[in-house]
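Q: Below you will find the structure I want to go over with you.
The values are calculated or read from the model by the stated rules, or taken from the named source; none is laboratory data. Remember, it's a predicted structure, so these values are computed and weren't measured experimentally. All Cβ positions, even for glycine, are placed from backbone atoms using ideal geometry, and neighbour counts span all protein chains on display.
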């Protein structure tokens with residue numbers, strides 16, 4: 001189920017990224033052709049960009065496609081790599097829980113204060129329920145990948161379990 005939800009979120013993020021490209025292209029074309037860009041194009045792009053990034057995070061974590069720096073661990077044992085992967089997943093899980101909590105608190109504050117963007121007066125809290133849902137999925141996915149890392153560690157090395165295979 002996590003794979004399906006993460007895939008749908010990533011596709012949604014891709015659609016949002018395409019919409020952002022179309023918006024900016026239209027704004028640049030409008031500025032060049034008729035002398036007027038799309039009003040609030042930077043605001044809209046900022047909102048869409050943040051939402052797209054949240055949508056990509058669970059899939060990237062599930063596919064083990066987040067940044068992995070193995071320059072220093074290239075010659076390390078499989079067990080050492082598995083331990084480092086488990087530690088990294090645990091750290092990412094803690095950060096995910098912290099960010100989810102702060103998004104909830106910040107979103108409630110934005111809603112309570114009726115904060116809006118300066119040009120379009122777009123309410124800043126509107127995308128936060130989707131962003132928070134993406135973060136909840138990220139936390140679940142990170143818990144799942146942490147369990148895979150612990151299983152890999154128990155079996156003696158990174159990528160030994162079927163689910164822990166980095167190739168996805």
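Q: Mind listing whichever residues of region 81-96 are in contact with a helix residue (DSSP H, G or I) (Cβ under 6 Å, 6 or more places away or on another chain) and closer than 18 Å to residue 50 by Cα?
A: Result: 96, single match.
Q: Can you name the condition, by its number, that residue 37 falls short on among (1) assigned to a helix (DSSP H, G or I); (2) surrounded by 14 or more Cβ atoms within 10 Å (Cβ to Cβ)?
A: (1)
Q: To continue, here is another question. Suppose we keep only residues that are farther than 11 Å from residue 47 by Cβ and over 23 Å from the mean Cα position of the chain (by Cα) within region 117-136. Which one would you say is surrounded by the fewest Cβ atoms within 10 Å (Cβ to Cβ)?
A: 118
Q: What number goes with the only condition from (1) part of a helix (DSSP H, G or I); (2) in contact with a helix residue (DSSP H, G or I) (Cβ under 8 Å, 6 or more places away or on another chain); (3) more than 28 Å from residue 144 (Cβ to Cβ) that residue 18 does not pass?
A: So residue 18 meets the others, but not (2).
Q: Let me ask another. Read through the list (1) under 19 Å from the mean Cα position of the chain (by Cα); (2) at pLDDT below 90; (3) surrounded by fewer than 14 Cβ atoms within 10 Å (Cβ to Cβ), then give the number of the only condition that residue 72 fails.
A: Here residue 72 meets the rest and fails (1).
Q: Here is a further query. With (1) surrounded by 17 or more Cβ atoms within 10 Å (Cβ to Cβ); (2) more than 22 Å from residue 121 (Cβ to Cβ) as the list, and residue 28 as the residue in question, which single condition is left unmet?
A: Going through (1) surrounded by 17 or more Cβ atoms within 10 Å (Cβ to Cβ); (2) more than 22 Å from residue 121 (Cβ to Cβ) one by one, residue 28 breaks only (1).
Q: Provide a single number: the residues in region 76-102 that are within 21 Å of residue 131 (Cα to Cα) and either touching a strand residue (DSSP E or B) at 6+ places or on another chain (Cβ under 9 Å) or loosely packed, with under 14 Cβ neighbours inside 10 Å (or both).
A: 6
Q: Taking residue 64 and the conditions (1) within 30 Å of residue 124 (Cβ to Cβ); (2) touching a residue at least 24 places away in the same chain (Cβ under 8 Å), which numbered condition does it fall short on, given that it satisfies the others?
A: All conditions pass for residue 64, except number (1).
Q: Right, something else. Determine if region 45-56 includes at least one residue that is surrounded by 14 or more Cβ atoms within 10 Å (Cβ to Cβ) and over 23 Å from residue 22 (Cα atoms).
A: No; the residues of region 45-56 include none that is surrounded by 14 or more Cβ atoms within 10 Å (Cβ to Cβ) and over 23 Å from residue 22 (Cα atoms).
Q: Now for a different question. Any residue in region 103-120 that is closer than 19 Å to residue 2 by Cβ, out of contact with any strand residue (DSSP E or B) (no Cβ under 6 Å at 6 or more places or on another chain) and not in a helix (DSSP H, G or I)?
A: No, region 103-120 has no match at all.
Q: Let me ask another. Residue pairs, Cβ under 7 Å, 6 or more apart or interchain, first in region 1-15 and closer than 18 Å to residue 64 by Cα, second at pLDDT below 95 and surrounded by 16 or more Cβ atoms within 10 Å (Cβ to Cβ). List them.
A: Qualifying pairs under 7 Å: 2/62; 3/62; 6/62.
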